1. Among the residues of region 193-229, what is the count of those that are at positive phi and either of a type in the set (D, E, K, R) or surrounded by 14 or more Cβ atoms within 10 Å (Cβ to Cβ) (or both)?
2. Being within 25 Å of Arg37 (Cβ to Cβ) and either assigned to a loop (DSSP other than H, G, I, E, B) or in contact (Cβ under 8 Å) with a residue 40 or more places away in the chain (or both), is that true of even one residue in region 67-80?
3. Considering only region 87-195, give the helices (runs of 4 or more DSSP H) lying wholly within it that have at least 3 residues that are of a type in the set (S, T, N, Q), under 30 Å from Arg210 (Cβ atoms) and in the same structural domain as Val250 (by TED's automatic domain parsing).
4. So how many residues does region 196-216 have that are farther than 20 Å from Pro341 by Cβ, of a type outside the set (Lys, Arg) and not in a helix (DSSP H, G or I)?
5. Val22 fails exactly one of the following numbered conditions: (1) β-branched (Val, Ile, Thr); (2) modelled with pLDDT of 95 or more; (3) over 30 Å from Gly130 (Cα atoms). What is the number of that condition?
6. Identify the residue in region 20-48 that is in a strand (DSSP E or B) and of a type in the set (Val, Ile, Thr) and, among all such residues, is surrounded by the most Cβ atoms within 10 Å (Cβ to Cβ).
7. Go through region 140-154 and give me each residue that's closer than 15 Å to Val241 by Cα and either at pLDDT below 90 or surrounded by 24 or more Cβ atoms within 10 Å (Cβ to Cβ) (or both).
8. Is there a residue in region 289-311 that is part of a helix (DSSP H, G or I) and at pLDDT 85 or above?
Amino acid sequence: MREAGDGASGMKIVVDALGGDVSPAAPVAGAILAARRFPDVTVLLAGPEDVLRAEIARNGACPSNVDILPASQSIGMHERPVQAFREKRDSSIAVGIGQVAQGKADAFVSAGNTGAVVAASTLKLGLLGGVQRAGIAVPIVALDHSIVIIDAGANIYCKPSHLLQYGLMATVFARDVLGLENPRVGLLNVGEEERKGTDLQREAFELLSRAPVNFVGNVEARDIFFGKCDIVVCEGFAGNVLLKTSESVVAKLMDHLRTQIKRSLRRKIGFALCRDVFGPIEHYGDYAEYGGAPLLGVNGVTIVSHGRSDAKAMENAVREARSFVRLRVNEKIAASIRQIPLSDKRPDV
């Protein structure tokens, strides 16, 4: 197990200052907010020193626990992840994750190219013992409860044993970081019946049924936001579609409400009276409320933030990284993976 620092004391978290649609402004402002909130953490901003010093100056007084980690290159959102990571050795992503790999930092946070972050984390950090594939565990808000979707895009070619491990890893995360007691695990499928779906879903159902998790069976997409489960297990393609569909529906709904409200004074007054009712809808399905999504299964701590993350979201991402390190989640994930029977650990299962 990779170690850096000693838990909360002396913890170092790298923030990719060049990642995201609002960089470097949002990552820098978020890092400063996090440093003020958590004086026990040193926040390292990865990026060009001259650019970052100018951005830090725009934020006024800067806490002493913010520092700069020089990195001269950035990886764009539309670049090929693995190729960009290999060609840009001095990118903020490569340099930041390199610090974690060398034990010089405890965690890495980025709102940049997700594919590049996943590739760099997998290649530089490696996987925890027994883990076959890393998965992005996205916690989202569903008005009256929280949901974790795993995987949301790291691995689109899954085997049943990968989905089994996702269920175990997400259970540890949901329980220890999000505080969900005995989280219910559901397998995303086209129907609730046990034999529904492809061979992947049917075989994964069997593995999860005998795994040390609170498995509640198959769940359909329409049931997820109505509280049938706390964790949704699926391959990365379906998980990413599910996540982005939920985001777009909420965005469209809010856009429609804003347009309709402006059409008359009566509607404006009505909205003002009901603001407390409509307000939470804007955050429905938004994982930026949690700051980001941990890449579970890698031998280190990587938090993948939304590309549109603002300063508050980046602050929350640092908070989540800090909790992940303090609670030694990776040690608990490794212990959970060791509980899987040898017959269920075969990669070809």
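1. Filtering region 193-229 for residues at positive phi gives 197, 217, 227.
Still in the running and either of a type in the set (D, E, K, R) or surrounded by 14 or more Cβ atoms within 10 Å (Cβ to Cβ) (or both): 197, 217.
So the answer is 2.
2. Among the residues of region 67-80, at least one is within 25 Å of Arg37 (Cβ to Cβ) and either assigned to a loop (DSSP other than H, G, I, E, B) or in contact (Cβ under 8 Å) with a residue 40 or more places away in the chain (or both), which makes the answer yes.
3. 160-176
4. Total meeting the criteria: 3.
5. It is condition (2) that Val22 fails.
6. If we take residues in region 20-48 being in a strand (DSSP E or B) and of a type in the set (Val, Ile, Thr), then Val43 is surrounded by the most Cβ atoms within 10 Å (Cβ to Cβ).
7. Result: Ile140, Val148, Ile149, Ile150, Asp151, Ala152, Ala154.
8. So the first thing to find is which residues in region 289-311 are part of a helix (DSSP H, G or I), and the list is 289, 311.
Applying the additional criterion that residues be at pLDDT 85 or above yields 311.
Yes, that holds for at least one residue.
The values are calculated or read from the model by the stated rules, or taken from the named source; none is laboratory data. Please read these numbers as outputs of a predicted model, since none were measured by experiment. Glycine gets a Cβ as well: all are built from the backbone with ideal geometry, and neighbour counts include every protein chain shown.
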